[in-house]
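Please treat every number below as a calculation from the coordinates, not as lab data. The structure presented is a predicted model; accordingly, all values stated were derived computationally and were not measured. No Cβ is skipped: glycine too gets one built from the backbone with ideal geometry, and neighbour counts run over all protein chains shown.
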Amino acid sequence: MPGRGLARGLLPPVALLALVATLGTLQYRWLGQVSEAEREQLKQSLDRRAREFADEFDREVTRLYQGLQPAGTFDLAQAEPFAQKYDHWLAATAAPALVKAVYFAKAAPPGFTLHRYDPATRAFSAVEWPAPLDVIRRRLVGTVEEKPVPGPGPGTAKIIAFSSTTVVPEVPALVISLPIPDDVMLPRMSPGSSGARKGHDILMALHLSHNHIIVELDSTHLATDVLPALITRHFSQSGSVPYRVAIVDASSKAIASRNVADGDRIDPARADVTWPFFAVRPDSARSTMLTWTAPLDPAGAKGAVVRPMSSVTSQVTAVTVGPLPPDAAGKTAGTAFMTTPVTLRAGGPWRLLVQHSAGSLDAAVAAARRRNLWLSFGILAVLAASVGLIVVNARRSERLAAQQMDFVAAVSHELRTPLAVIRSAAQNLSAGVVHEAGQARRYGELIETEGRRLTEMVEQVLEYAGLDANRRAPLAPVVDAGALVSDTVSSCSALFDAEGFDVSVAVAPNLPAVAADEGALRSAVSNLLMNALKHAASGRSVAVDVRAASSTSGPTVEIAVTDKGPGIAAEDLSHIFEPFYRGRHATEQQIHGNGLGLSLVQRIAEAYGGRVTVRSAPGAGATFTLHLPAAAAHASVQPLDTPAEAGGSAH
């Protein structure tokens, strides 16, 4: 039955522990899903921010491109229309310092002459090509590529192409290609296989017929003001940027950065986001592409007019050179030229690299997941520990309840015995059985002895109840421990003499006083003496030693009570100071007691900053030592009161 009750009692805690384990497993899986969703959300947010960064920068570049692009034919001698467009752009832009200089590159085959715009005079003046713009000059006078492609019918067609790039990141600069004047005519070409080569010459001539406006951007202003402001605006959180951000060119050279230490770099392969930018948007820009409005007929036409058309700004113009389609009679009319626009949607030559400060988004999410796991499992561990504490406290409460029942039974038995003796003696006295004076005196002594036993037991119970209620010890007077111990032993001498005990007291000279309540200290020493009297009757010897000692907290006074009894069993040593505990020897020998004496000694010692220790071995007796802190040297010692009667207890 007890085993079945214990199993029923353990069932709820075991179920709670199983529930905690299940919650831990579900929490681990749920945190994994949450972390994955968080990583995806962060990645999407980072992609969005990078796209918005690139869009904002490219919009500003596109507005600059559109703002300075002439509406029609550009006349170098009449620069007022351009000056008005430049002033309008300055008034509308948020970054007027973005433009460092504006140039006009005039076609002068086989090259270009350069003219710089002066905002003060609102006119262009001829200048030499600056060294930073040399890369643009070489590109404007570049070569034309020929790429053979399969063509319909006999023979092979060719694509002759050149590129017209709007953005030159090396400077950096924008190149605005202007329309070719309407009076530019294609030269006449003859039929035959040499047409492909002459087509090449025609295309090169057209390429060199373009005029250009070159807008040089201020690279220092970009690196120190524009790009850092964009980084802060798009990647800051609560005033800080939790990401490492770098802007690099095509050769991975850093242009601007944030949260990247000097000498360090972001590896593009390990960046969380790599986003290209610095381009004129094709949906809002306009440029010139070479287009033949009609096939060339070498037998009649001398040329064809080239006119502008709307297209992308980064482009390849492809010119197909090959035989004209056959006529109705199936004869070939001659050689024709046909242009084919090829759209290039390049994101831009510069790249925005973004990396989380933790090393990567995956590392940041993994760290957050670990923190959440530790927090979650910490909470579950607290719950599990709480369940364990509930089980331990429940078992401890059961043991305490059992000890209390034993205590009640022991106290009842202890109270019943002296009460029975007192009642029996009182009945004999009241019935007139006792006639002699000596006999009456013996009855009186018996009643007094049993009454003292009752008083001791009641006082012990009341004292334990008071200490157990955590009453704080009052400010104790300074007591002479040696005199108090000698006086307490003297008050108990009659009891020891009656049992045939030999009691010796040794008090060291010049003992420091102790700060303790005299009554409480008497009670502690008396309980140790009564404990020896009850449990060491076989040895018939008790030695009390009072000496000075020292500890880590300062000087102390030690009161040691040594008996020559049977000693204390090893399994009882760790429990003898527990309330209501009675050792195996006391139970087997049916020694009277309630198990409170030694517990009271420990609580009294602790109430005044001390402690009590025990040293014992089976068959070698036991030594109980009170360790009490010494009082200040200048404190005055209070005289002892009338000695209290000795009390007793059993452990």
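Remarks
- Most to least packed among 104-114, 353-363, 261-271 [average Cβ atoms within 10 Å]: 353-363, 104-114, 261-271
- Under 5 Å between amide hydrogens, built in the peptide plane, is the criterion, and for Val273 it picks out Val354 among residues at least 5 positions away or on other chains.
- The 3J(HN,Hα) values that the Karplus relation (6.51, -1.76, 1.60; θ = phi - 60°) gives for the stretch 122-127 are, in residue order, 6, 8, 9, 9, 5, 9 Hz. Gly and Pro appear as x.
- Gain upon complete extension [Leu419, Ala549; 0.36 nm per residue less C-alpha separation]: 42.3 nm
- Cα gyration tensor shape of the stretch 213-264, rounded if a/c is under 1.5, else prolate or oblate by comparing a/b with b/c: oblate
- Placed amide H near Ala256: partners under 5 Å, 5+ positions off or other chain: Ile247
- In terms of the mean number of neighbouring beta-carbon atoms within 10 Å, the peptides 68-77, 223-232 order highest first as 223-232, 68-77.
- By the beta-carbon count within 10 Å of each Cβ, the least crowded to most crowded order of Ile255, Ile604, fewest first, is Ile255, Ile604.
- Packing order of peptides 53-65, 32-44, 427-439, highest average first: 53-65, 32-44, 427-439 (average count of other Cβ atoms within 10 Å over each peptide's residues).
- Residue order, fewest to most beta carbons within 10 Å, for Arg49, Arg395: Arg395, Arg49
- Sites Glu40 and Lys253 - FRET efficiency at Förster radius 25 Å, r taken between beta-carbons, to 0.05: 0.20
- Calculated FRET efficiency for the pair Ala537/Leu400, C-beta based, R₀ 35 Å, to 0.05: 0.70
- Residue exposure sequence - His88, His234 - by fewest surrounding Cβ within 10 Å: His88, His234
- Using the Stokes-Einstein relation with a Kirkwood hydrodynamic radius computed over Cα pairs, the translational diffusion coefficient of the stretch 472-629 at 20 °C and a viscosity of 1.002 mPa s comes to 135 µm²/s.
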